[in-house]
Amino acid sequence: MRNEKGQFVRINSLVKGDCRVCGEEFIRESWRKGQLLCSTKCRALVKDGVRLKNWVQLICKSCGNQFEVTPAREGVAIYCSWECKAQNTPVSGFWQGKERLNMIGVNNPAWRGGISFNPYPKEFNKELKLKIRNSLPQRSVFEDEIKSHEA
């Protein structure tokens, strides 16, 4: 809402809320939607480790240990740690060892017939690259600085 000068004016309407720590009812201004706690005492408790959400207890699919997650992760979380997930994910050992060597060149599902050489002739290989590199005059990085100091 604007006043007679055209400036925005906040209308303070009060609403009731319940404290997420102690459960006491408190009154807050309507524009303070993020105010979840009734007092500085409850804020201090939150800083000391009191949780605002009701966490859900789950059992790890790998080791059987009990662990806690937020309600939003209840249907998603399966493992208690990265270690348990790595042990039970079928892809975890795939990119290590012999299987990886079988994924080179034609055996790789992303292979497209070697089209990466299309813009260059087949002769443009490591030997030709070295020949070109060696034919260029070698310059030191500091060569220009030395010449500028000598002048």
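Computed from the coordinates by the stated procedures, all read-outs in this text should not be read as laboratory data. Here the structure is a predicted model, which is why all the values come from computation and not from measurement. No Cβ is skipped: glycine too gets one built from the backbone with ideal geometry, and neighbour counts run over all protein chains shown.
Applying 1/(1 + (r/R0)^6) with R0 = 35 Å to the Cβ-Cβ distance of Ser81 and Asn102 gives a FRET efficiency near 0.70.
When peptides 102-110, 20-28 are sorted by average Cβ neighbour count within 10 Å, with the highest value leading, the order is 20-28, 102-110. Packing, taken as the mean count of other beta carbons within 10 Å per residue, orders the peptides 37-44, 66-73 from highest to lowest as 37-44, 66-73.
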